[in-house]
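**Student:** Pasting in a structure now, in structure tokens, and then I'll have a few things to ask.
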Amino acid sequence: MSELTHILLDSPLPGVRRITLNRPEKRNALNNRLRSEIFATLEAHDRDPDVRVTIVRGAGPAFCSGYDLSADNRIDQPYHTAGGLGQWSRHVVEGWFHIWDLAKPVIAQVHGFCLAGGTELATACDLVYVAEDAQIGYPPVRLMSPPDMQFHPWTMGLRQAMESMLTGDALSGREAADKGWANRAWPAAQLEAEVLAVAERVAMLPTELAAINKRSVHRAMEIMGLRAAIRAGTDLQALAFQTEPSKAYMTRFKRDGASVSSLLSERDAAFRDYRERGQGEPE
């Protein structure tokens, strides 16, 4: 991709490349352009001998607020996925597993809101470090569907997965680390320095050995069924969109900011969280 419009790149340390999601006015909501730039850049890093580890972070007040519901994400998808019911959920899961399958480690640096598709992006990374006051959740379970990428049981266990899926409530960064979704949580002011310290240590490993070490952990999870379970979850997500409450809710989206904003506020009003706490986040 010749010109990057939605991400920024820098190299803060030898062997460390950093991707900054740069749609702060949209809380870094994932449209297809942003997703395309993330994938293309990570692939380039995987081929670049000067890169040993990549950090993904967000500009502005949030890591990522989720998929951009004001965009038509059926258009200009970054890669082909077979059509039919559930095409979108199968499509995005293929992308997250593409990050999973890269040779070189990817670190998520999470602050502020990390919601819905934003949690999927972070989960696809190999290491996840969070600000203690970050808010991590999947509110679409309240009126739309379960996640596209149903990672919850694998990263947080049965009981927390069930609570998250049945409430859509957010976890703080500290809670997310305690429950296993993130590696560690630090005060927001320390997060960048601590993540760079970890990245520097990861970059000390020879690239070939780091790739095998990474793959060994993933293979163990796959033998236990992680990849098959997450792929099977895309069919359940497609089924959820055929329920009457979900169809009634989704048909009201007009693909414009005002409509999306009001409908998300409606979703969260009874729960008194996310945007209804006065912090105005998309998705």
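**Student:** I need the phi-derived Karplus couplings for the stretch 120-127: 6.51 cos²θ - 1.76 cosθ + 1.60, θ = phi - 60°, integer Hz, Gly and Pro marked x.
**Tutor:** Per-residue couplings from phi come out as 5, 4, 5, 5, 5, 6, 7, 10 Hz.
**Student:** For Val110, list long-range residues whose amide hydrogen, built 1.01 Å from N in the peptide plane, is under 5 Å from its own amide hydrogen.
**Tutor:** Tyr129, Val130, Ala131
**Student:** Tell me what the chain gives for mean residue ellipticity at 222 nm when only DSSP H runs of n ≥ 4 count, each as -39,500 (n - 2.57), the sum divided by the residue total, rounded to 500 deg cm²/dmol. Intermediate values should be presented prior to the final figure.
**Tutor:** Details: 10 runs with 127 residues, N = 283.
Dividing the helical sum by the residues of the chain leaves -14000 deg cm²/dmol.
**Student:** Please arrange Leu30, Leu69, Leu166, Leu205 by how many other C-beta atoms lie within 10 Å of their C-beta, fewest to most.
**Tutor:** With the fewest neighbours first, Leu30, Leu69, Leu166, Leu205 line up as Leu166, Leu205, Leu69, Leu30.
**Student:** Over the chain, what is the mean sequence separation of C-alpha contacts under 8 Å (at least six apart), divided by residue count, expressed as relative contact order in percent?
**Tutor:** Once normalised by length, the contact order is 20 percent.
**Student:** What aspartates and glutamates does Lys26 reach when the alpha-carbon gap must be under 18 Å and sequence neighbours fewer than 8 apart in one chain are set aside?
**Tutor:** Partners within reach: Glu37, Asp68, Asp72, Glu120, Asp256, Glu276, Glu281, Glu283.
**Student:** Okay, next question. Only Cα pairs under 8 Å and at least 6 apart count here; give the relative contact order of the stretch 52-146 as a rounded whole percent.
**Tutor:** Relative contact order comes out at 35 percent.
**Student:** Give me the aspartates and glutamates in straight-line cross-link reach of Lys214: C-alpha distance below 16 Å, same-chain residues under 8 apart excluded.
**Tutor:** Straight-line reach from Lys214, under 16 Å: Asp46, Asp101, Asp126, Glu222.
**Student:** Using only the alpha-carbon atoms, how far is helix 188-202 inclined from the longest principal axis of the chain? Give it as 0 to 90 degrees, nearest 10.
**Tutor:** 50
**Student:** Next question. Shape call for the stretch 135-248 from the C-alpha gyration tensor, a ≥ b ≥ c root eigenvalues: rounded (a/c under 1.5), prolate (a/b greater than b/c) or oblate?
**Tutor:** It comes out oblate by the Cα gyration axes.
**Student:** Let me ask you something else. Using only Cα atoms and rounding to the nearest 10 degrees, what angle (0 to 90) does helix 257-269 make with the longest principal axis of the chain?
**Tutor:** The two axes meet at around 80 degrees.
**Student:** Here's something else I'd like to know. What residues have an amide H closer than 5 Å to that of Ile7, excluding those fewer than 5 places away on the same chain, when H is modeled at 1.01 Å from N in the peptide plane?
**Tutor:** Hits under the 5 Å cutoff: Asn22.
**Student:** What angle do you read, to the nearest 10 degrees and between 0 and 90, between the alpha-carbon axis of helix 226-240 and the longest principal axis of the chain?
**Tutor:** Taking Cα atoms only, the helix is inclined about 20 degrees.
Only the coordinates and a few stated rules stand behind these numbers; no lab work does. Just so we're clear, the structure is a prediction, and the values are computed from it rather than from any experiment. Methodologically, a virtual Cβ is constructed for each residue, glycine included, from the backbone with ideal geometry; neighbour enumeration extends over all protein chains shown.
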